[in-house]
Amino acid sequence: MTQIHLWTGVTATVLVVVIAITGVMLNHKQLFGFQPDPPDAARTGLSGAMSMLELVSAAEAVAGDQAAASGIDRLDVRPDKGLMKVRFDDRATTEVTVAIHTGEVLSIGTRDDVFLEKLHSGEIFGDNWILLSDAMGIALLILLLTGAWIWLYPKARM
């Protein structure tokens with residue numbers, strides 16, 4: 001029982017440390033310089049905004065051939081700031097920020113936090129990343145049960 005507790009604890013500790021460190025880094029990604037912080041667009045809200053297709057076309061025009069050819073990973077529309085972020089699925093994780101009312105490109109750069117996000121969630125290991133979370137939950141349950149047994153068993157024998 002002690003060996004099960006020990007090795008489950010060692011394995012779970014490694015996973016918890018990775019999740020904890022990447023979580024703190026993601027919480028402060030602007031401080032670490034992982035995410036570009038473009039200026040707010042002049043107008044806010046969706047009223048009078050250009051179509052998503054027009055905004056994506058504007059982003060593709062400045063992203064470069066490789067980024068545009070790789071396809072779009074995600075769109076992040078922020079009406080309160082008057083902008084849309086277009087993240088491409090290229091190796092560098094290029095992100096173009098466009099003003100939603102004018103189509104003006106506010107910034108273009110790479111997102112250095114995407115690797116951390118994927119490592120933190122387990123997604124970096126493939127489509128079955130949820131199994132890593134399940135394994136972590138089971139490992140912590142085993143630690144709880146074996147730890148309680150190791151602590152209580154000698155007391156119960158007395």
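Just name the residue that is modelled with the lowest pLDDT out of those in the stretch 106-128 that are in a loop (DSSP other than H, G, I, E, B) and either exposed (fewer than 14 other Cβ atoms within 10 Å of the Cβ) or among the hydroxyl-bearing types (Ser, Thr, Tyr) (or both). Here the residue is ASP127.
Only a single criterion out of (1) closer than 28 Å to ALA135 by Cβ; (2) part of a loop (DSSP other than H, G, I, E, B); (3) touching a helix residue (DSSP H, G or I) at 6+ places or on another chain (Cβ under 7 Å) is not satisfied by GLY103, namely (1). Can you tell me which of (1) in contact (Cβ under 8 Å) with a residue 60 or more places away in the chain; (2) closer than 30 Å to LEU6 by Cα is the one LYS118 doesn't meet? Among (1) in contact (Cβ under 8 Å) with a residue 60 or more places away in the chain; (2) closer than 30 Å to LEU6 by Cα, the lone unmet condition for LYS118 is (1). Please work out if LEU31 is touching a helix residue (DSSP H, G or I) at 6+ places or on another chain (Cβ under 6 Å) and either aliphatic (A, V, I, L, M) or in contact (Cβ under 8 Å) with a residue 24 or more places away in the chain (or both). In short, no. Being touching a Leu at 6+ places or on another chain (Cβ under 6 Å) and touching a residue at least 60 places away in the same chain (Cβ under 8 Å) is a condition met by at least one residue of the stretch 84-98. The residues of the stretch 1-49 that are buried (at least 17 other Cβ atoms within 10 Å of the Cβ), in the same structural domain as VAL86 (by TED's automatic domain parsing) and at pLDDT 80 or above amount to a single one, ALA49.
Kindly indicate the residue of the stretch 96-120 that is among the acidic types (Asp, Glu) and under 15 Å from ASP76 (Cβ atoms) and also nearest to the chain's Cα centre (by Cα) among those meeting that condition.
GLU117
Somewhere in the stretch 52-59, is a residue in a loop (DSSP other than H, G, I, E, B) and either small (Gly, Ala, Ser) or touching an Asp or Glu at 6+ places or on another chain (Cβ under 8 Å) (or both)? Checked against the condition, which is being in a loop (DSSP other than H, G, I, E, B) and either small (Gly, Ala, Ser) or touching an Asp or Glu at 6+ places or on another chain (Cβ under 8 Å) (or both), the stretch 52-59 yields no hits at all.
Looking only at residues of the stretch 51-91 that are acidic (Asp, Glu) and closer than 19 Å to PHE34 by Cα, we find that the one that is surrounded by the fewest Cβ atoms within 10 Å (Cβ to Cβ) is ASP76.
The values are calculated or read from the model by the stated rules, or taken from the named source; none is laboratory data. Please read all numbers here as calculations on a predicted model, not as lab measurements. Positions of Cβ are backbone-derived with ideal geometry, glycine not excepted, and every protein chain shown enters the neighbour counts.
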